[in-house]
Amino acid sequence: MSQYESSVKLIPFSQERVYGKLEDLNNLEAVKERIPADKVKEFTYSRDEATVNVPPLGNVTIRVVEREAPKCIKFEAVGSPFPTNMWIQIIPNGEEGAKLRVVVKTEVNIMFRAMVEKPLKEGIEKIAEALSMIQY
């Protein structure tokens, strides 16, 4: 299993406030306008699940599998060709700040690893960047 991590993002809001916004996927409305229309065709979400249609991959769904208030939200990919888990780590950074990092573990076979590694790393970084820009 390979692990990929975003850089740590500094957020000028408390850990509790960041967690409170991210633990409910309905709040993805805050980042919807930042998603390039040419990269994502459809984007739906509920409290525990989000689905995006990413050509040429098709529908990609993530589901919340665990919440550890106020420090971590764990997800699993549903219907992915490779077992994939993602989590968002949130730690305090002073009284009114937080640090955020996105981590993905996936089991990509050796033949596909070279093909997906760079786009996966870039995607994880873009997710972390988008999450760091939300007004919590």
Note to self: Quick test of your reading of the structure: residue 103 fulfils all but one of (1) of a type in the set (A, V, I, L, M, F, W, C); (2) out of contact with any Asp or Glu (no Cβ under 7 Å at 6 or more places or on another chain); (3) within 15 Å of residue 3 (Cβ to Cβ); (4) in contact (Cβ under 8 Å) with a residue 24 or more places away in the chain. Name the failing condition by number.
What the structure shows: (2)
Check: When you look at residue 76, is it in a loop (DSSP other than H, G, I, E, B) and modelled with pLDDT of 85 or more, yes or no?
Finding: no
Margin query: Here is a check on your reading of the model: is residue 28 out of contact with any Asp or Glu (no Cβ under 6 Å at 6 or more places or on another chain), touching a residue at least 40 places away in the same chain (Cβ under 8 Å), within 17 Å of residue 132 (Cβ to Cβ) and not in a loop (DSSP other than H, G, I, E, B)?
Written below: no
Next item on the list: Answer yes if at least one residue in segment 57-67 is without any contact (Cβ under 8 Å) to a residue 24 or more places away in the chain and not in a strand (DSSP E or B), and no otherwise.
Entry: yes
Item checked: Scan of segment 81-92 for residues that are surrounded by fewer than 16 Cβ atoms within 10 Å (Cβ to Cβ) and modelled with pLDDT under 95, ordered by number -> 81, 82, 83
Note to self: Every residue in segment 81-125 that is of a type in the set (Gly, Ala, Ser) and either in contact with a strand residue (DSSP E or B) (Cβ under 7 Å, 6 or more places away or on another chain) or in a strand (DSSP E or B) (or both), please.
What the structure shows: 97, 98
Notebook entry, point to check: Only one of 2, 80 is out of contact with any helix residue (DSSP H, G or I) (no Cβ under 6 Å at 6 or more places or on another chain) and touching a residue at least 60 places away in the same chain (Cβ under 8 Å); which?
Noted result: 2
Checklist line | Residue within segment 61-69 that is closer than 14 Å to residue 131 by Cβ and touching a Cys at 6+ places or on another chain (Cβ under 6 Å) present | finding: no
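The values are calculated or read from the model by the stated rules, or taken from the named source; none is laboratory data. Predicted, not measured: the structure shown is a model, and the values here were computed from it. Reconstructed Cβ throughout: ideal geometry from the backbone, glycine too, with neighbour counts over all protein chains shown.
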